[in-house]
Structure formats: C-alpha cells, structure tokens
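The values are calculated or read from the model by the stated rules, or taken from the named source; none is laboratory data. Every value quoted in this text rests on a predicted model; they were computed, and no experiment measured them. Here the Cβ positions follow ideal geometry from the backbone for every residue, glycine too, while neighbour counts run over all protein chains shown.
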C-alpha cells in the first residue's frame with residue numbers, strides 16, 4: 001500500500017485525514033485529532049498543508 005502513496009504528492013496522514021472527513025463531513029481540528037489519534041498541532045499542520053495544496057478548504 002505504501003507504494004501507492006509514492007506516486008502522489010499526498011502523505012499517508014493526509015490520506016487518513018481525507019478519509020475521516022469523507023466519512024464524517026466537516027469537523028473541527030480537535031475532533032479530527034481525536035479521530036486520528038494525533039495532537040491538535042499535528043492535525044492543524046496537516047490541514048494547513050492540504051489547504052495550500054487545494055485538497056480541502058476551510
């Protein structure tokens with residue numbers, strides 16, 4: 001499965017975040033953090049990068 005991520009500009013954590021959002025819809029960073037088992041600051045950084053890449057919007 002890791003090979004699939006090498007062909008894209010998206011990381012495993014970003015795929016995971018997208019999956020959570022697709023399943024649950026819009027969420028607060030704190031709720032995403034709980035679902036993903038990551039800190040708020042880590043998820044916030046992932047969200048920021050994904051917004052800049054155009055994968056998600058606030």
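A few notes on this one:
- Residue count for region 1-24, restricted to those that are loosely packed, with under 11 Cβ neighbours inside 10 Å and either modelled with pLDDT of 95 or more or in a helix (DSSP H, G or I) (or both): 6
- A search for C-beta distances below 7 Å between a residue of region 31-56 that is on the phi < 0 side of the Ramachandran plot and without any contact (Cβ under 8 Å) to a residue 24 or more places away in the chain and any residue that is surrounded by fewer than 13 Cβ atoms within 10 Å (Cβ to Cβ) and in a loop (DSSP other than H, G, I, E, B), counting only pairs 6+ apart in sequence or on different chains, returns 33/39; 51/57; 51/58.
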